[in-house]
1. Select from segment 115-147 the residues that are at pLDDT below 90 and open to solvent by less than 10 Å² (accessible area, probe 1.4 Å) and list them in ascending order.
2. Testing G31 on (1) touching a Phe, Trp or Tyr at 6+ places or on another chain (Cβ under 8 Å); (2) more than 30 Å from A174 (Cβ to Cβ), one condition comes back false. Which one is that?
3. Looking at (1) under 25 Å from G20 (Cα atoms); (2) over 20 Å from the mean Cα position of the chain (by Cα), find the lone condition where T177 falls short.
4. Quick one: how many residues across segment 37-70 are open to solvent by 40 Å² or more (accessible area, probe 1.4 Å), touching a Gly at 6+ places or on another chain (Cβ under 6 Å) and closer than 18 Å to M1 by Cα?
5. So if I check each of E53, E14, which one is free of Cβ contacts under 8 Å to residues at least 12 places away in the same chain and closer than 19 Å to G132 by Cα?
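The values are calculated or read from the model by the stated rules, or taken from the named source; none is laboratory data. Only a predicted model underlies this, so the values are computations on that prediction, with no experimental measurement involved. For neighbour counting, all protein chains shown are included, and Cβ atoms are generated from backbone atoms with ideal geometry for every residue, glycine included. Please note that ligands, DNA and RNA were not included when accessible areas were found on the heavy atoms of the full protein model with its side chains. Shrake-Rupley method; radii C 1.70, N 1.55, O 1.52, S 1.80 Å.
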Amino acid sequence: MKPTVIVLASGKGERFKASGGEVYKLKALLGGKPVLQHTLDAVKASGLPWHLEDKGHPGMGDSIAAAVRATQHAAGWLILPGDLPLVRGSTLLELALELANYDIVVPLYEGQRGHPVGFSAACGPALMGLSGAEGAASVLKTRPVARITVDDVGVLTDVDTLDALAAAEALWQARQTGA
């Protein structure tokens, strides 16, 4: 069985608004298409099962817990924030394959930790117990973490501010031209 990609889209985007963003960050346009649509396109391209969690929970931990409960029979989960529009479907698939060998996998790009973070089914009870703003950091402390080097800057490219959106746009443009 394949893990389920959980796309987190419940946040308020406060940093994006504070930076001058006039729309919700997941609706901001990148290459003429909303940020969230880019993320979902990558998830669909991976061929993995997926779940969009956009119910407006109070914190990231609450969102993760709700999504894992909704998909509790999955073989594991790749927790992907909705504001990572440049992550590649092939990277998601690579991490899913690695998750067959480890309880927790984290992608690294040029030594920097990115997303999505993968969790095996053994982590399900801990993930379902999460709450608050911390996300799954507490679960990462309970088991060994496999760091998987990937060739995908998209695992680091989140859109939290207008400057980050501009940087993502430049990377997206470079991908389109093959640069």
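1. Correct list: G135 only.
2. Of (1) touching a Phe, Trp or Tyr at 6+ places or on another chain (Cβ under 8 Å); (2) more than 30 Å from A174 (Cβ to Cβ), only one is false for G31: (2).
3. Of (1) under 25 Å from G20 (Cα atoms); (2) over 20 Å from the mean Cα position of the chain (by Cα), only one is false for T177: (1).
4. Final tally of qualifying residues: 1.
5. Matching residue, one of E53, E14: E14.
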